[in-house]
Amino acid sequence: MDAKAVVFDLDGTLIDSLPDLAAALNRSLSRYDYPPLSRSDVGPMVGDGAKVLLQKGYAARGSKPTAEDEAIFLADYEAHVTDLTEPYAGIPEALARLTAQGYQLGLCTNKPEVSARKVLAALDLDRFFPVVIGGDATPYRKPDPRHLAAVLAAMAIQTDRAIMIGDHANDMATAAGLGVATIFVDWGYGRAEGTITIQNPAELVPAVHSIFVND
């Protein structure tokens with residue numbers, strides 16, 4: 001049987017990084033004595049990368065971050081990227097099952113690649129992902145389909161042998177641009193629709209199987 005790929009988003013799909021993202025954002029805002037944002041405020045801001053998150057956070061306080069703010073925020077988040085972040089319950093087991101069943105796994109994230117790899121290593125998820133393409137690794141970022149195309153190229157996988165799994169409209173749009181099947185997970189931070197929508201990680205492996213059922 002030829003190889004099949006399952007490509008994942010990171011934040012809100014595999015890991016709950018919102019506590020660390022919100023904490024870093026609020027530390028940045030506190031430099032100007034802006035009131036903190038709640039996690040429920042920050043959640044919908046996640047999905048376009050750290051720089052956009054910072055911009056959205058400052059916009060919520062009627063301001064704009066400077067280049068210095070951005071540099072400080074990114075360095076601060078990098079230093080605390082795994083303080084509070086954890087995999088969603090059931091995710092490590094699902095990844096292990098997919099790997100054992102012969103699927104190739106890849107990661108397509110708008111998170112800076114250094115941060116993504118650091119999180120994966122700290123949470124012992126890096127063993128599942130030989131291919132990781134972060135938001136700063138190519139000129140393209142989700143929802144640009146060329147971001148996902150770069151992941152599939154690195155995996156040597158054709159689009160009709162792949163599935164994209166994510167929690168954000170960016171993930172679904174990226175896959176749609178290549179004609180790649182999707183699984184939307186509704187435990188994350190965004191709202192969208194995929195080829196299949198699932199409510200918990202226990203449904204992940206059966207959903208993958210159902211998409212490839214006719215192969």
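The values are calculated or read from the model by the stated rules, or taken from the named source; none is laboratory data. None of the values given here were measured: they were computed from a predicted structure. In this analysis, Cβ positions are derived from the backbone assuming ideal geometry, glycine residues included, and neighbour counts consider all displayed protein chains. Note: areas computed on protein heavy atoms with side chains; ligands, DNA, RNA excluded. Shrake-Rupley method; radii C 1.70, N 1.55, O 1.52, S 1.80 Å.
Descriptive notes on the structure:
- Top-ranked residue of the stretch 46-82 - restricted to ones that are closer than 22 Å to Phe8 by Cα and in contact (Cβ under 8 Å) with a residue 60 or more places away in the chain, ranked as surrounded by the most Cβ atoms within 10 Å (Cβ to Cβ): Gly47
- Only one of Ala3, Ala24 that is assigned to a loop (DSSP other than H, G, I, E, B) and either more than 24 Å from Gln199 (Cα to Cα) or under 21 Å from the mean Cα position of the chain (by Cα) (or both): Ala3
- Candidate set: the stretch 6-21, residues that are among the β-branched types (Val, Ile, Thr) and assigned to a strand (DSSP E or B); chosen: the one nearest to the chain's Cα centre (by Cα): Ile15
- Among the criteria (1) touching a Leu at 6+ places or on another chain (Cβ under 9 Å); (2) crowded, with 17+ Cβ neighbours inside 10 Å, the one Pro36 does not fulfil is (2).
- Restricting the stretch 147-179 to residues that are assigned to a loop (DSSP other than H, G, I, E, B) and either open to solvent by 10 Å² or more (accessible area, probe 1.4 Å) or in contact with a Cys (Cβ under 9 Å, 6 or more places away or on another chain) (or both), the residue that is nearest to Pro44 (Cα to Cα): His168
- When restricted to residues that are among the hydrophobic types (A, V, I, L, M, F, W, C), assigned to a helix (DSSP H, G or I) and open to solvent by 50 Å² or more (accessible area, probe 1.4 Å), the stretch 87-104 contains 1.
- Close Cβ contacts (under 8 Å, 6 or more residues apart or on different chains) running from residues in the stretch 5-22 that are in contact (Cβ under 8 Å) with a residue 60 or more places away in the chain and hydroxyl-bearing (Ser, Thr, Tyr) to residues that are open to solvent by less than 10 Å² (accessible area, probe 1.4 Å) and outside any loop (DSSP other than H, G, I, E, B) comprise Thr13/Ile165; Thr13/Gly166; Thr13/Asp171; Thr13/Val185; Ser17/Val119.
- Apart from one condition, Val81 fits all of (1) in contact with a Gly (Cβ under 9 Å, 6 or more places away or on another chain); (2) not in a helix (DSSP H, G or I); the exception is (1).
- Answer from Ile163, Ile133 - the residue that is closer than 24 Å to Glu93 by Cα and touching a His at 6+ places or on another chain (Cβ under 9 Å): Ile133
- Per the conditions (1) open to solvent by less than 60 Å² (accessible area, probe 1.4 Å); (2) at pLDDT below 95; (3) within 30 Å of Thr159 (Cβ to Cβ), the sole criterion not satisfied by Met1 is (1).
- Residue match in the stretch 190-202 (condition: modelled with pLDDT of 95 or more and part of a loop (DSSP other than H, G, I, E, B)): yes
- Contact map, the stretch 118-142: first residue assigned to a strand (DSSP E or B), second residue charged (D, E, K, R), Cβ cut-off under 9 Å, separation 6 or more or different chains; pairs are Val132/Glu113; Val132/Arg117; Val132/Asp126; Ile133/Glu113.
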